[in-house]
């Protein structure tokens, strides 16, 4: 073989090799660089990275004559762009490509790279994309979206990587918003300042921010404030949100009832013990100078009864299995509901992962004949109802006695179907001058002192409406003028079973402003012992339009229980599915089913269920022991307390004879001993969990290496004996 | 490849694989790999305290760094040993093409990594025992991890074709793998970009697209993206091509 031939062969081979390598590079470039390789197979269980049907529906609604432009701003300069963000920016881009593909090119995608000191940086600023300064030279990075159709524009100023799962929803929501022409109206009624209070500069008080849920609502809806004393709910409100209706008036309940029956939709949060409401108490309202008074408990007594829903405002659900922490303490009334407690077959709750509820109440579903109920959230079987005083004491001490009811408690549900009025006898009378009767339950003491309304725990439930009515001077006047009232006529208490009264009284159409006395005289001959029904009174809902969503907690939608501040960016991020749940519910009720299908895969958190179960099991085992120890401790402390009562009045010193001194010393020793035992038991409780964790750790870390070593040694020994035998 | 060739490759593969099984190196590397993956996951990653039934953050996160060191340790003997002992001549005089030998040896080393990954199964059982994990990302995570190992292994194979010293092969391979892992990092990119004129930035950005890391993370999240799979396959193909030309240049 001549050397020249070898050289030529090897150079030919080398050339082939280089050629192949070049081809590989080119293929990679074409596939990766030009975006042809964005074909993805999404193998996650919830198809986390595939566009959902709702998004596709929204994209399908885009008018081809009014295309949607997505301007994607992403800094590309690697000197300033953190790697986390550049990786994320590629995911965003891939998802936006999916949007473009699914829209039949009705979505126009533009990518801009606003690197420092470029024209595109100016454009980013014009579009209100949030720049983040990354170095001392003042260079900004951008990662945001501007979505525009015609003159309508939506901006997502910064795309936070920790909210990746919400990205599709954010984009779909923005598109939905720029292509829709009219915003639905959401009415909000609450005994708390959920809408915030305006800044009042004269008193140098900062206005309160609205609750985050309300701020979120304002992004997509027109939010309208509805007074707690309202006697009519505007029919153009597509969803009425009622949050903690403490001291609600029967007249207001009637307004809600009629609104619902005329095809309205209601989202109501009642709460046996509203922590947030308590914290508002005593605050000065800068507008009126009055201090805010929020009832501890709320109820919709007549409406719930009318629908056949059971609810006790004196009972808080304690759940040993789903318990979480509240103010640094383990608290069985702070419910941490995992996916298992959430209805998996309802579109609004389907892919919610975890919910938080604080001191929630329990509902019972209506019996047959009432509206159809669908349970959305429920507690575990390790739960029971406890009274309000005990629930409040859990702030500082742990629950001593607990017997699981063995039944799941309903925490939230959705009612649909046909609703019958809770006021078959027509509107309840406005409570003028403390006149008894009407829709009020019997047993109400007439003339409750006005100051009492803030402390509903001190009076029988149901009496609150009376107290509330008297303290609100505007309410009776308003009711008298806007509603055709048949007040002083004797009225049978509202009962769901009462036969539906047809509006037989021809007299009632008399001018609504007619004096009450006149109304009475006209109504009396037409229907003796029965009140006249106003002409627009509806006794039963028609069609499927009416719907109710009930939650037994109002705190759960307060900022602190749904959001927390992100360490990196300082923006608020969701800590659970409470906020998505609220928005889902509003969207479902306001008829935007498409958006609903988008968000339903919000969170990807999958907790260690097994460890929770173990924790519960261990605690059940130890609870009796702990209880008896704590009881002993209490007894000892009490004994010491009674001894110390004998003091010298003059010198204020303890007078103890030697025997008592010995006794005291003994008791103190016992106290120390018991406290130590309690600590030991608690330690032992933790020890079991720690032991399981330790075992898992050791098994994982050591089992396989030891097996590998064993196999290696066995093989080596066999080899040696094989060679030795030869 | 006809039937005969497959038999030859199979025979060579068996010989190579058994030589791994018979050497203590395999066991040492397996033990180190298992201790490292599990140790990182459970001790540094605080897997049990994370209360998150997924393997992405606590487990797969560490794999690239482990492969950067351990894959060259498995691959360094691929060709360097043959060069040193002179058996390369013998091997290549056998009635098989160099490509068969390259494939057989690469597959044998790849099998070692397959075993290593299979032995991390306890963590999968653990995560299924503790919660209800999403199967998809676990599967893609393992595939991505395996691709990463094969990528590092292929690079090592290419390096070992050029040197007769295992130590040199190991050090150079670690350096190359580390580079391929790190080139996506801004600190490094900065350093390079500052020393280059304006046009150099585009080049640097193109190079950073070649970083192993990006392609790994995409996949470990639960999505097979065509370009990522293609990227790893390309790396393996290119590295094996370089191996072939390296062997040829040694022989010539």
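Collect the residues in the range B:227-252 that are over 17 Å from residue A:22 (Cα atoms) and modelled with pLDDT of 90 or more, keeping them in residue-number order.
none
Scan A:670, A:653, A:642 and give me the residue that is away from chain B (no Cβ under 14 Å), farther than 26 Å from residue B:30 by Cα and at pLDDT 80 or above.
Result of the check over A:670, A:653, A:642: A:670.
Of the conditions (1) touching a residue at least 12 places away in the same chain (Cβ under 8 Å); (2) within 14 Å of chain A (Cβ to nearest Cβ); (3) more than 23 Å from the chain's Cα centre (by Cα), residue B:41 fails just one. Which one is it?
(3)
Just the residues that are more than 9 Å from every other protein chain (Cβ to nearest Cβ) and either surrounded by fewer than 19 Cβ atoms within 10 Å (Cβ to Cβ) or over 18 Å from residue B:177 (Cα atoms) (or both), please, taken from the range B:206-228.
B:207, B:219, B:220
Given the criteria more than 14 Å from chain A (Cβ to nearest Cβ) and modelled with pLDDT under 85, does residue B:77 qualify?
Judged against the criteria, residue B:77 is a match.
Just checking, which of A:599, A:606 is modelled with pLDDT under 80 and within 14 Å of chain B (Cβ to nearest Cβ)?
The match here is A:606.
Being within 13 Å of chain A (Cβ to nearest Cβ), modelled with pLDDT of 90 or more and crowded, with 19+ Cβ neighbours inside 10 Å is the requirement here; does residue B:29 meet it?
yes
Could you please let me know if residue A:73 is touching a strand residue (DSSP E or B) at 6+ places or on another chain (Cβ under 8 Å), buried (at least 20 other Cβ atoms within 10 Å of the Cβ) and at pLDDT below 80?
When the stated conditions are applied, residue A:73 does not pass them.
Residue by residue through the range B:158-177, note down the ones that are under 27 Å from residue B:204 (Cβ atoms) and either within 14 Å of chain A (Cβ to nearest Cβ) or surrounded by 17 or more Cβ atoms within 10 Å (Cβ to Cβ) (or both).
B:158, B:159, B:162, B:172, B:173, B:174, B:176, B:177
Take the range A:1-32 and flag every residue that is at pLDDT below 60 and either surrounded by 17 or more Cβ atoms within 10 Å (Cβ to Cβ) or more than 7 Å from chain B (Cβ to nearest Cβ) (or both).
Answer for the range A:1-32, where residues must be at pLDDT below 60 and either surrounded by 17 or more Cβ atoms within 10 Å (Cβ to Cβ) or more than 7 Å from chain B (Cβ to nearest Cβ) (or both): A:1, A:2, A:3, A:4, A:5, A:7, A:8.
Helices (runs of 4 or more DSSP H) wholly in the range B:68-177 with at least 3 residues that are within 28 Å of residue B:247 (Cβ to Cβ) and out of contact with any strand residue (DSSP E or B) (no Cβ under 9 Å at 6 or more places or on another chain) - which ones?
Correct list: B:80-85, B:87-93, B:98-118, B:135-160.
Might you check whether a residue that is within 28 Å of residue A:690 (Cβ to Cβ) and facing chain A (nearest Cβ under 8 Å) occurs anywhere in the range B:12-25?
No, there is no match, as no residue in the range B:12-25 is within 28 Å of residue A:690 (Cβ to Cβ) and facing chain A (nearest Cβ under 8 Å).
Select, from A:334, A:391, A:373, A:368, the only residue that is over 18 Å from residue A:616 (Cβ atoms), out of contact with any helix residue (DSSP H, G or I) (no Cβ under 8 Å at 6 or more places or on another chain) and without any contact (Cβ under 8 Å) to a residue 60 or more places away in the chain.
Step by step, each of A:334, A:391, A:373, A:368 is checked, and only A:368 is over 18 Å from residue A:616 (Cβ atoms), out of contact with any helix residue (DSSP H, G or I) (no Cβ under 8 Å at 6 or more places or on another chain) and without any contact (Cβ under 8 Å) to a residue 60 or more places away in the chain.
I'm told residue A:688 meets every condition in (1) more than 14 Å from chain B (Cβ to nearest Cβ); (2) closer than 30 Å to residue B:121 by Cβ; (3) surrounded by fewer than 12 Cβ atoms within 10 Å (Cβ to Cβ) except one. Can you identify the failing condition by its number?
In the conditions (1) more than 14 Å from chain B (Cβ to nearest Cβ); (2) closer than 30 Å to residue B:121 by Cβ; (3) surrounded by fewer than 12 Cβ atoms within 10 Å (Cβ to Cβ), residue A:688 misses (3) alone.
Yes/no per residue for (1) at pLDDT 85 or above; (2) part of a helix (DSSP H, G or I); (3) away from every other protein chain (no Cβ under 14 Å):
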site: A:85; (1), (2), (3): no, yes, no
site: A:100; (1), (2), (3): no, yes, yes
site: A:114; (1), (2), (3): yes, no, yes
site: A:122; (1), (2), (3): yes, yes, yes
site: A:125; (1), (2), (3): yes, yes, yes
site: A:136; (1), (2), (3): no, no, yes
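The values are calculated or read from the model by the stated rules, or taken from the named source; none is laboratory data. It should be emphasised that the depicted structure is a prediction, and the values quoted were computed from it without experimental measurement. We place every Cβ from the backbone using ideal geometry, glycine too, and count neighbours over all the protein chains shown.
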